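The values are calculated or read from the model by the stated rules, or taken from the named source; none is laboratory data. Just so we're clear, the structure is a prediction, and the values are computed from it rather than from any experiment. Reconstructed Cβ throughout: ideal geometry from the backbone, glycine too, with neighbour counts over all protein chains shown.
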Amino acid sequence: MTQRRRLLYLLNGFDAGGAERAPGLLLAGGAFDGFDVDVVALVRGAGCHMEHLQRMASRVETLLGDRRLRPWHVLAAERALRPRLGGYDAAVLSLPQANLAGRFALARLEQRPLVYSFHHNTHFSNPAYGPMFRATAGLVDGVVADSLGTAEAAAKLYGRQPPAASILPLVQFAERHPQPARPWTPGRPFRLVTAGRLTRVKRQAALIEAVARLQAQGRDVRLTIFGDGPRRAALSQQVARAGVAARVVLSGHSDDWLKSEADAFVLSSRHEGLCIVALEAMHRGWPVIAPAVGELPRHAAAGALHLLPSAGGAAVAKAIADLMDAPQRLYAMRAAGIDYANRQYGATAVRDAYATFNRRLHAELAQRAARQGLA
């Protein structure tokens, strides 16, 4: 019987984000067929997805006892990882801190697993990560990205000849049209939804400003903000100061945010990668308003998304007002979004991408074994 290979999937923590959902999606889609997969996080985080992962992975655990990730955890995790990494045939390092912890540990090993760096965004939240990624680029054998735009941004970190990138979309829809959202008609409130971590990068403050501007124009707009994060208190204060408490609701994190009723989805991020929430909104039948960052311009090319010229409050308010004045365009965007999400990110297309990556992974391990046999 052929011995199964071992793969380590290393991430920051078991939180609610798209990158943290990735191991479960990949395992369910067959990306690591033929491997015993250990999913290991630097810290526990909120504990999301752990029970689900335990049904699919060989092992699910954390390296450190803390719940919240701190800067010094990178070095502490490196020390914990170093004696273990040599026992794996391959490793996938996801998110900047886990990526760096894994790379620092690899630098001290004579025999290393095949290493893939998984990129989920076009920018780092901490600019200091860029130089560290470039300095350790030689330790990486391959690049994985959630979208073509993310892969193009990641290539700049690997010199003139970056490793070839595998595109693994971290969203997958059943290949059928869902029951679409009820289209908006003039005369009732225009309901907006956004979802994401409450951070400066996601810039929900611009959405609150937009609602205040629209209120001043006499437009009846309501906004529900799903998500938690360090900016929650500041955003609550902004809502009160702007006098829009009756129109803006901070609903916290919810796994069921897509079940809410809305007329459009709006985003104001400084940068994104694939932007899973935008695709989920399209699949739900919500027109999407978003800035031209990450993969969003490619989504817009299908007519499913209204691109903002900038992500400031004034630009967001104008885009919302323009769409309210053109309900026929809202209806067309709604249909285009459902079609695009199902066509580009349906189960067959995504599983084919996962299978292609799996073949590449096994082929590269076989080539490495052959080279070692000749040495």
Practice task
Scan segment 308-317 and give yes if some residue there is in contact (Cβ under 8 Å) with a residue 40 or more places away in the chain, surrounded by 14 or more Cβ atoms within 10 Å (Cβ to Cβ) and under 30 Å from residue 26 (Cα atoms), otherwise no.
Solution key: no
Completion exercise
Log entry, pairs with first residue in segment 132-158 being in contact (Cβ under 8 Å) with a residue 60 or more places away in the chain and over 11 Å from residue 119 (Cβ atoms), second being among the aromatic types (Phe, Trp, Tyr) and not in a loop (DSSP other than H, G, I, E, B), beta carbons closer than 8 Å, six or more apart or on different chains, reads 141/116; 142/116
Handout entry: Near pairs, Cβ below 7 angstrom, 6+ apart or cross-chain, from segment 353-375 (assigned by TED's automatic domain parsing to the domain that holds residue 164 and in contact (Cβ under 8 Å) with a residue 24 or more places away in the chain) to any residue that is of a type outside the set (Ser, Thr, Tyr) and in a helix (DSSP H, G or I)
Key = 354/26; 354/29
Practice task
Kindly indicate whether residue 338 is in contact with a helix residue (DSSP H, G or I) (Cβ under 7 Å, 6 or more places away or on another chain), among the β-branched types (Val, Ile, Thr) and modelled with pLDDT under 95.
Solution key: yes
Exercise for the section: Could you check residue 197 against (1) closer than 22 Å to residue 296 by Cα; (2) in contact with a helix residue (DSSP H, G or I) (Cβ under 9 Å, 6 or more places away or on another chain) and say which number it fails? Expected result: (2)
Problem - Leading residue by the ranking (farthest from the chain's Cα centre (by Cα)) among those in segment 1-33 that are part of a loop (DSSP other than H, G, I, E, B) and under 16 Å from residue 52 (Cα atoms) - result: 30
Fill in the blank from the handout: Over segment 1-39, the set of residues surrounded by fewer than 21 Cβ atoms within 10 Å (Cβ to Cβ) and of a type in the set (Ser, Thr, Tyr) is 2
Fill in the blank from the handout: Taking segment 194-236 and keeping only residues that are within 20 Å of the chain's Cα centre (by Cα), under 13 Å from residue 248 (Cα atoms) and without any contact (Cβ under 8 Å) to a residue 60 or more places away in the chain, one is left with 225, 226
